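Heads up, the thing below is written out as structure tokens.
What follows is calculated from the coordinates using simple rules that are stated; it is not laboratory data. Quick caveat: nothing in here was measured; it's all calculated off a predicted structure. Cβ sites come from the backbone with ideal geometry, for glycine too, and all protein chains shown count toward neighbours.
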Amino acid sequence: MWEGEQLLPEGWAAAVRTNRVSTARETNADWAQGYGYQVWMARHGYRGDGAYGQFMVILPEQDVVLAINSAEVDMQAVLDAAWAHLLPAFGEQGDGAEADAALAARLADLELPATTGAAAPTGTVPGTWAGSGLTASREGDGVTLTDPRITLTVPLGATGWTVIEGADAPPVAVSGGWAGDTAHLDLLFLESPHRLFVDLLPDGSIAARWGTTPLDFQPEATTLDQRAPRPLH
């Protein structure tokens, strides 16, 4: 019910969070609490999950919903942190507007550190690189990174993140810089939990590694094309 209008059938919320399937064999504490209609029971409340730590946690007793986006392999650790640090705070009486302002200020100061470095190499470096299913070439103060389907130009030596949006790829936040004669590139695929680290090496080769294995990983595919999830329609 929202502002007098019944949006979902009466009783639906209670039915969804009724424990209907035993999951006692699960080794993680919050996955062993049972399963309802497309939601997991939890040690507190119930929730919907997505890969690598995407959570919608509903806590009826506290009148709280937690929406969490992360890139964490150990998803139980995310919930453990919520129960240890957030849950006790929900019962505290804050100082109204002052507490809200303090929280807003703290959130505004949170930042994922960007990869930094110099705007130019120390010595002479190749004009092009290849490897890991990628090619790269110098482009002004940055490098252009390409696979058969996607092209991204990453500025080097800039402060912070640059968000790139184009017709051939979902939005990507990029950062990078030179450390001697090696360029370090950092790519965050903003519509997924995945992050790609790329090194352009002095011998003209490319070394790339994922922070988390892409959800639809295919060893034969090119590197940038592994980003996930695919757009949903």
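Report, largest value first, the span of the C-alpha coordinates of segment 1-129 along each principal axis, in whole Å.
69, 44, 32
Can you compute the charge dipole magnitude of the chain about its Cα centre, using +1 on each Lys and Arg Cβ and -1 on each Asp and Glu Cβ, nothing else charged? Give it in debye, rounded to the nearest 20. Mind dumping the intermediate values first?
Numbers: 12 positive and 30 negative charges, 133 e Å.
Roughly 640 debye, rounded to the nearest 20.
Where in segment 56-73 does the amide nitrogen come within less than 19 Å of the point 7 Å from the Cα of E26, taken along Cα to Cβ?
56-61, 65-73
Considering only C-alpha atoms, what is the centroid distance from segment 150-191 to segment 1-26, in Å?
Measuring centre to centre over Cα atoms gives 42 Å.
Give me the Debye-computed log₁₀ of I(q)/I(0) at q = 0.07, 0.09, 0.14, 0.17 Å⁻¹ for the chain, equal point scatterers on Cα only, no solvent, two decimals.
So the normalised log intensities work out to -0.35, -0.55, -1.00, -1.19.
Which is the longest part of the chain that has none of the GluC sites (Glu not before Pro) sitting in a DSSP loop with at most 13 other Cβ atoms within 10 Å?
Excluding the exposed sites themselves, the longest stretch runs over 112-219.
Along Cα→Cβ, 7 Å out, is where each label goes; now give me the distance between the ones at E165 and L103 in nm to one decimal.
2.9
Based solely on its DSSP helices, what 222 nm [θ] is calculated for the chain when runs of n ≥ 4 H residues each add -39,500 (n - 2.57) and the sum is averaged over all residues, nearest 500 deg cm²/dmol?
It lands at -3000 deg cm²/dmol.
Listing S137, S132, S22, S192 from the residue with the fewest other Cβ atoms within 10 Å to the one with the most, what is the order?
On the way: S137 15, S132 18, S22 11, S192 21.
Taking fewest neighbouring Cβ atoms as first place, the list is S22, S137, S132, S192.
Quote the FRET efficiency, to the nearest 0.05, computed for Q62 versus T18 with a Förster distance R0 of 22 Å and r equal to the Cβ-Cβ distance. Spell out each step's value before the answer.
Numbers: r = 20 Å, r/R0 = 0.89.
Efficiency for this residue pair is about 0.65.
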